[in-house]
Amino acid sequence: MGGPGHGEFPIFEFLSEGRTSEGSVCCGGAGFACLPSPGRTEVRSRIPPLLAGPGMAENRRSGPQATALIYDEDMTRVRLLWDDPECAIEGPERLTATYARLCHRGLAQRCVRLPAREATEEELGLVHSPEYVAVVKGTQTMSTEELRTLAQQYDAVYFHPSTFPCARMAVGATLQLVDAVLTGAVGNGMALVRPPGHHSQRDAANGFCVFNNVAIAAEHAKRRHGLQSVLYFSWHRYEHQSFWPRLRESDYDVVGQGPGRGFTVNVPWNKVGMKNADYVSVFLHVLLPLAIEFDPELVLVSAGFDSGIGDPEGQMQATPECFAHLTLLLLPLARGRLCAVLEGGYHLQCLAECVCLTLQTLLGDPVPALSGDPAPCLSSLESIQNVRAAHAPHWASLRHEDTGPILTPSTWCGDGGPPLLGAQSVGTTERRGTLLDKLLSCPPPPPHTGIGLAVPDSTSSLNLPPALLQEEGVIVSKEEAEMWSRLDSASTQDQALAALGKLLALLDKILTGQVRAGIAVSPAVSAAMAVALRKGLTGGAQRLLCVAVGELDIPEDLRDNGRILLLNIGGKEQSEAAASRTHICLGGHEATEPGTFLLALTSLILPVAYSFRPDLVLIVLGPDCGLRNLDVELLTRLLQGPVAGQMLLLLQNPDLPLVEALAWALEGRALPSTLGPFLSASPKQALAITRLCRQRRLDWPMLQVSVT
């Protein structure tokens, strides 16, 4: 999510108790080696007080589902004391403007406030050498001229008499957040800190960064909390090694060393101007499959926002809501235990808005609709293809596509000249500025947080979200009753019409914005699906996505309706001739097996959904659909992104534990467990999914994972 220093360096570090990653190196400018502990270590006996301090008594949402926020004005004391245009953009206003925006939106008030603390020198030594720590410590008594002379020994950094305590506080705040999440005091959280961290090296400040906040946090999590291995993921502005810091180690084919091969994932952007579709695509086709296979216990995010539109460093065009979607895609991992730590982002308005939407997603609110063309650009597809090719030998989740790397990228003009950077014209810059002004002048509407339930009365004993609306139903019209009779003649009439009345009432509330999403149970789910699809069309939905799982009867007139996209998983086998742009079928019972379904989710279902941009998603689970409850929860959580949360779940079997779990999934609560051991799809099913994606990638551009 963006990154610190020059350009955009988003970092995601996934920590696990399992696989070893010895020898893997964080190469996106961080210069930090991630080495596993020799085994589980003892947790130190004293944990700093996490929920103490002024105003802490007002926090009423502390607990494993709460979201933490750390902000301390002391970190605004560091400022540039001399003229340096390169460093001037890293100023205290980055924190103050962002925090003010969070308060204005009422987001800060909804969080558990954790106090910051200064890291100890022992904690700094987890990553940095004692000699370097001593150099930074010495800045407290230096004159302005001495500070300037010291800064000239490093690259793009400045010092201030308050640099050492502020940088220690940035590290300490990060460690406070990690401790709070890993001890269950909160579920997730964000630390607003500066100076940023991840460009700093063991013995050197670099690119605005003094101490490597997230790298220290990763080592702290291993030593204090017993986590052992690290999977490192970074996207960054690279431009064929012509962009700062010009490290060969940041290219796609640097994957780690020795036993750690495959644990360093670099996604180099070789041109500026990357947009929302490029970022979401690299998440769906690289990050998410690897992270699901790795199955982390903790997700650390170096949350910079230089890739945000209007940023002078990144020069990319990701709009603020894009970061909400990326956060949503990460939240099913590690039981939702995610720590976001502010790094870069130098356009004050865009930075503040990006942080707001990120925090709003951590709080469980629905994400805004994703704007822009859903097609990733050629250069990003080349990077995705190259990264997948480099990591396929190390990760089973990437092996189904037998595609090699692009040896001559479209942005490279040969060894005799510089890369083709796609320089921005003045007109393009002006258009980007106009778009940014428009985005920031229209704050997103308040989220619809209500959830509706149209199920049997026997669910009254369940532990359901407090704001959930139990639907009483409506009187079914004569026309609706007759339509139901044509679709279903097997169900008891009174029972069927009562369920139909509840379904129609709930769907009407979703379509009119009274509630955001809901769950309905029907004794005849195929008939209920047909009714719901037709009601959705007449109720104003322009694009309706239906994900039907299991063998369900889909009326012919709905299969090729231009406004409905049907994705049938586990239904009857379908010939290629019967397939169409708006009716995609991955048939057979094997399609709902865990390995096959997870591959279909990341490679087919989510890319198609993000390409289609529906107004409403209908998830239909047929009788004996074959999916694990965990997979249904995962599908529910992740499909809320493409539709901005507007969703109806339609079940035939009133499986009460599943109803309860799905209600909390719609509410935004984290998964109660990790995803578990990774299961691969069979070669037959992997080939079937690959063929489907290739057949439909011109219709739905986010299906593309290569340029060949």
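You can think of it this way: the chain between T512 and Q495 has 3.5 nm of extra reach, that is 0.36 nm per residue less the Cα-Cα gap. Per residue, region 450-679 exposes 37 Å² of solvent-accessible protein surface, assessed with a 1.4 angstrom probe and all protein chains in place. Run the accessible area of region 450-679 with a 1.4 Å probe and give the carbon-and-sulfur part as a rounded percent. Whole-percent figure for carbon plus sulfur exposure: 50.
Taking each residue as 0.36 nm, the span from R223 to Q695 lengthens on full extension beyond its C-alpha to C-alpha distance by 165.1 nm. Relative protection proxy for 205-217, 381-393, from highest mean packing down: 205-217, 381-393 (other beta-carbon atoms within 10 angstrom). Treating r as the C-beta distance of T149 and N653 and R0 as 56 Å, the FRET efficiency rounds to 0.15.
So, for region 270-407, what is the accessible surface per residue at a probe of 1.4 Å, expressed in square angstrom? It would help to have the intermediate numbers written out before the result.
Numbers: 2740 Å² over 138 residues.
That works out to 20 Å² per residue.
Viscosity 0.890 mPa s, temperature 25 °C: Stokes-Einstein D of region 450-679 from its Kirkwood Cα radius, in µm² per second?
Values: Rh = 17.6 Å.
Translational diffusion coefficient: 139 µm²/s.
Distance between the 7 Å Cα→Cβ label points at R246 and D624: 6.6 nm.
Compare the peptides 178-188, 362-372, 293-303 by average per-residue count of other Cβ atoms within 10 angstrom and give them in order, highest first.
Numbers: 178-188: 23.4, 362-372: 20.8, 293-303: 25.4.
So the peptides 178-188, 362-372, 293-303, ranked by packing, come out 293-303, 178-188, 362-372.
Rounded to the nearest 0.05, what FRET efficiency is calculated for E121 and A88 with R0 set to 25 Å and r the Cβ-Cβ distance? Efficiency computed from Cβ-Cβ geometry: 0.25.
If you bin all the Cα-Cα distances of region 71-139 at 5 Å, starting from zero, the percentages per bin are 3, 13, 14, 16, 19, 17, 11, 5, 1. Of Y252, Y232, the residue with the largest accessible area leads and the full order is Y252, Y232 (1.4 Å probe). For the pair L687 and N561, the difference between a 0.36 nm per residue extended length and the Cα-Cα distance amounts to 42.6 nm. Here r is the Cβ-Cβ distance between Q109 and S129 and R0 is 35 Å; the resulting FRET efficiency, rounded to 0.05, is 0.25.
The values are calculated or read from the model by the stated rules, or taken from the named source; none is laboratory data. Note that the structure is a prediction, hence the values are computed from the model and not measured. Glycine gets a Cβ as well: all are built from the backbone with ideal geometry, and neighbour counts include every protein chain shown. Heads up: the accessible areas ignore ligands, DNA and RNA and are worked out on the full protein's heavy atoms, side chains in. Shrake-Rupley method; radii C 1.70, N 1.55, O 1.52, S 1.80 Å.
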